[in-house]
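The values are calculated or read from the model by the stated rules, or taken from the named source; none is laboratory data. Worth saying up front: this structure is predicted, and the values here are computed from it rather than measured. With ideal geometry, Cβ positions are generated from the backbone for all residues, glycine too; neighbour counts draw on all protein chains shown.
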Amino acid sequence: MKKALAGIGIIALALAGCATTETPVAKPAPTVTATVTTPGPTVTQKVTPAPAPAPKPAATRSAVPYNGLSAAENEGIFFKLVDEHTTGISHEKAKVIASQACDKFDEKQTLGEVTNELGTTDEAYIAGAGVSTYCPEHNDVLR
């Protein structure tokens with residue numbers, strides 16, 4: 001188990017240096033001007049569209065057995081790495097980040113493309129550590 005933990009940690013540390021620290025900023029909603037012509041007077045009114053609905057929670061993957069470890073042991077190691085090497089990221093958020101990285105690898109994105117899309121070094125670390133836990137079929141992209 002120590003060997004697996006060390007291997008996952010090394011992979012994750014390698015990825016940690018690949019992300020940027022920029023945080024995306026939301027843009028304000030545009031204001032739309034509408035003119036309505038009726039049999040009576042013409043009315044012009046400025047309308048600001050309602051904000052978009054909150055995004056649905058991201059789907060997450062289930063941990064899989066890997067390298068002689070059960071799925072539960074593998075996920076436990078992943079969460080331990082998250083706790084020890086990131087700041088303030090919940091296990092659920094870490095699982096979402098790792099699952100999204102796996103989805104991008106499924107879409108044939110490269111390691112560089114995936115890490116460039118991540119917002120922080122912590123997220124890059126989580127993406128790397130999560131590969132062995134949630135999509136070990138993509139371990140080759142970490143080499």
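Quick rundown of the values:
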read-out: Members of region 58-72 that are touching a Gly at 6+ places or on another chain (Cβ under 9 Å) and part of a helix (DSSP H, G or I); value: none
read-out: Given (1) in contact with a Gly (Cβ under 8 Å, 6 or more places away or on another chain); (2) under 14 Å from PHE78 (Cβ atoms); (3) not acidic (Asp, Glu), number of the condition GLY128 does not satisfy; value: (1)
read-out: Per-region count, region 50-66, residues of a type outside the set (Lys, Arg), at pLDDT 65 or above and touching a helix residue (DSSP H, G or I) at 6+ places or on another chain (Cβ under 6 Å); value: 5
